[in-house]
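The structure appears below as structure tokens.
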Amino acid sequence: IDLELDSTYRRLVVDGAVTTDSLRHYVDLSTTSDYFSNEPASPVRDAFVVLSFGEESMVLSEDEAVPGRYSTPIAFSGVPYTTYKLDISQVDVDLDGTEEEYHASSTMPGGSELVNIDLRYYPTPVTSGYAVFMYAFHPAEQRDWFGFKLIKNSDVLTDSLAKYTVLSDDLFDTGYFPGMPVGFLSDGDPRQAVHSGDTVTFELNCIEQAYYNFVTEAQLEISGNYPLFSGPPANVVSNINNGAMGIFAAYSIQRTSVIVE
């Protein structure tokens with residue numbers, strides 16, 4: 001079957017975040033392309049991008065080395081419970097001769113506390129390796145959403161959206177994660193295989209529901225649906241207005257590490 005898919009109008013794609021890490025935060029701007037396009041996503045150049053929070057606002061400058069990437073002028077740490085607003089203007093994404101404006105906002109969650117992690121080795125006939133268990137507190141009276149990352153030495157193992165794990169606290173309403181499994185380091189994967197002296201770092205992200213929904217829907221579209229009992233593919237939910245796609249997120253980061261003996 002030879003499928004001939006029509007072209008559609010271009011949309012803005014936003015990928016950016018503010019975290020509690022002290023660094024120059026950035027936003028990547030690009031455009032959508034046709035389904036069978038084999039070209040990289042086209043960056044959006046010369047946009048006017050403003051990040052505001054509280055009484056402060058920053059104009060982001062485009063990175064000369066990375067077209068379409070707009071960075072804050074200084075390094076700073078995001079603050080939990082603060083609302084960050086992103087405004088994008090002076091762009092004509094659909095090439096109709098009229099410039100558009102786009103807006104997004106995200107309030108950084110807080111209140112959860114990462115205590116530690118525990119590694120346990122499991123030798124099985126199928127696969128062997130270390131399972132990573134997380135211990136953490138979170139406010140029992142509020143609903144929270146989380147993201148997990150694993151790092152071995154300086155190698156971020158969860159380096160793509162497909163590998164990023166997100167979770168709602170619906171499973172644990174007691175305010176405590178009592179040794180919850182959050183990852184597995186397989187002996188059969190050279191990147192994951194752990195040896196004596198290696199440092200394993202676990203990163204806990206406290207995220208908004210909008211970011212949780214974006215990741216779960218994106219991963220569903222990446223993996224694909226089985227035809228039976230599943231709906232048709234659909235655009236992933238976005239918190240950017242005016243028909244844009246992607247996500248702008250503000251989330252807090254906590255890390256803890258163990259050295260494998």
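The values are calculated or read from the model by the stated rules, or taken from the named source; none is laboratory data. Predicted model only: the values in this text are computed from it and were never measured. Quick reminder, even Gly has a Cβ in these numbers, built from the backbone with ideal geometry, and neighbours come from all protein chains shown. When the accessible area is computed, the model is the full protein with side chains, heavy atoms only, and any ligands, DNA or RNA have been set aside. Shrake-Rupley method; radii C 1.70, N 1.55, O 1.52, S 1.80 Å.
For this structure, a couple of remarks:
- Within the range 231-261, being assigned to a strand (DSSP E or B), hydroxyl-bearing (Ser, Thr, Tyr) and surrounded by 16 or more Cβ atoms within 10 Å (Cβ to Cβ) holds for 251, 252, 256.
- Every residue from the range 151-207 that is polar (S, T, N, Q), touching a strand residue (DSSP E or B) at 6+ places or on another chain (Cβ under 8 Å) and under 19 Å from residue 112 (Cβ atoms): 158, 165, 168, 201, 205
- The listed residues are 52, 37, 105, 33, and the only one of them that is without any contact (Cβ under 8 Å) to a residue 40 or more places away in the chain, of a type in the set (Gly, Ala, Ser) and assigned to a strand (DSSP E or B) turns out to be 52.
- Selection within the range 33-58 - more than 25 Å from residue 7 (Cα to Cα) and surrounded by 13 or more Cβ atoms within 10 Å (Cβ to Cβ): 48, 49, 50, 51, 52, 53, 58
- Residue check: residue 127 meets all listed conditions (1) touching a residue at least 24 places away in the same chain (Cβ under 8 Å); (2) open to solvent by 10 Å² or more (accessible area, probe 1.4 Å); (3) assigned to a strand (DSSP E or B); (4) hydroxyl-bearing (Ser, Thr, Tyr) but one, namely (3).
- Residue within the range 102-110 that is open to solvent by less than 20 Å² (accessible area, probe 1.4 Å), within 20 Å of residue 26 (Cβ to Cβ) and among the polar types (S, T, N, Q) present: yes
- Checking every residue in the range 203-210 against the condition of being surrounded by 15 or more Cβ atoms within 10 Å (Cβ to Cβ) and either assigned to a helix (DSSP H, G or I) or modelled with pLDDT under 95 (or both) gives at least one match.
- Test: residue in the range 220-230 that is loosely packed, with under 13 Cβ neighbours inside 10 Å, touching a residue at least 60 places away in the same chain (Cβ under 8 Å) and more than 26 Å from residue 99 (Cβ to Cβ): yes
- Residues of the range 72-93 classified as closer than 11 Å to residue 18 by Cα, small (Gly, Ala, Ser) and open to solvent by less than 50 Å² (accessible area, probe 1.4 Å), total: 1
- Looking across the range 1-23, the residues that are open to solvent by 80 Å² or more (accessible area, probe 1.4 Å) and either modelled with pLDDT of 95 or more or touching a His at 6+ places or on another chain (Cβ under 6 Å) (or both) come down to 15, 22.
- Within the range 189-196, none of the residues are assigned to a strand (DSSP E or B), surrounded by fewer than 17 Cβ atoms within 10 Å (Cβ to Cβ) and basic (Lys, Arg).
- For the range 238-261, a residue qualifies if it is more than 13 Å from residue 14 (Cβ to Cβ) and under 14 Å from the mean Cα position of the chain (by Cα), and the qualifying residues are 250, 251, 252, 253.
- Residue pairs meeting the criteria (Cβ under 7 Å; at least 6 apart or on separate chains; first closer than 12 Å to residue 17 by Cβ, in the range 237-249; second open to solvent by 10 Å² or more (accessible area, probe 1.4 Å) and part of a loop (DSSP other than H, G, I, E, B)): 246/238; 246/240; 247/238; 247/239; 248/239; 248/240; 249/208
- Residue-level analysis places residue 230 among those that are over 26 Å from residue 126 (Cα atoms) and not aromatic (Phe, Trp, Tyr).
- Taking the criterion of being among the β-branched types (Val, Ile, Thr), open to solvent by less than 30 Å² (accessible area, probe 1.4 Å) and assigned to a strand (DSSP E or B), the residues of the range 143-181 that qualify are 151, 166.
- In the range 59-71, the residues that are hydrophobic (A, V, I, L, M, F, W, C) and either part of a strand (DSSP E or B) or buried (at least 19 other Cβ atoms within 10 Å of the Cβ) (or both): 59, 60
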